[in-house]
Amino acid sequence: MKNWDKDIQELESYFLKAAIPTQPIKLNKYSTIKDCDLFIKSHLATVKANNGNQTYLSYLNQLQELKDFLK
């Protein structure tokens, strides 16, 4: 099982410095994030608690997608 420590660290560093939107954003065709701050906190907590578990890879992918969206 591959761990995601490096990915998690990069995401945490990015979100600490990034301007987080206060308005809902449409991340993609299927996902609207109503509370970005809560989304980031809950998804980071989930990936940390389940580091490397493929079942939770979508949480990591969504955080990366949000990071790309905000850049």
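Where a number appears in this text, it was derived from the coordinates with a stated rule and is not lab data. Because the structure is predicted, anything quoted here is derived from the model rather than measured. A quick note on method: Cβ atoms are made from the backbone with ideal geometry, for glycine too, and the neighbour counts reach across all protein chains shown.
Looking at segment 2-14, can you tell me whether even one residue there is aliphatic (A, V, I, L, M), surrounded by 13 or more Cβ atoms within 10 Å (Cβ to Cβ), on the phi < 0 side of the Ramachandran plot and in a helix (DSSP H, G or I)?
Within segment 2-14, the subset aliphatic (A, V, I, L, M) is 8, 11.
Then drop every residue that is not surrounded by 13 or more Cβ atoms within 10 Å (Cβ to Cβ), which leaves 8, 11.
Then drop every residue that is not on the phi < 0 side of the Ramachandran plot, which leaves 8, 11.
Cutting the leftovers down to in a helix (DSSP H, G or I) gives us 8, 11.
Yes: one or more hits.
Is it the case, given these coordinates, that Thr22 is among the hydroxyl-bearing types (Ser, Thr, Tyr), assigned to a loop (DSSP other than H, G, I, E, B) and surrounded by fewer than 14 Cβ atoms within 10 Å (Cβ to Cβ)?
yes
Kindly provide the set of residues from segment 3-28 that are of a type in the set (Gly, Ala, Ser) and in contact with a helix residue (DSSP H, G or I) (Cβ under 9 Å, 6 or more places away or on another chain), ordered by number.
Ala18, Ala19
Mind listing whichever residues of segment 49-63 are surrounded by 14 or more Cβ atoms within 10 Å (Cβ to Cβ) and either in a helix (DSSP H, G or I) or aromatic (Phe, Trp, Tyr) (or both)?
Tyr56, Leu57, Tyr59, Leu60, Gln62, Leu63 - these are the residues of segment 49-63 that are surrounded by 14 or more Cβ atoms within 10 Å (Cβ to Cβ) and either in a helix (DSSP H, G or I) or aromatic (Phe, Trp, Tyr) (or both).
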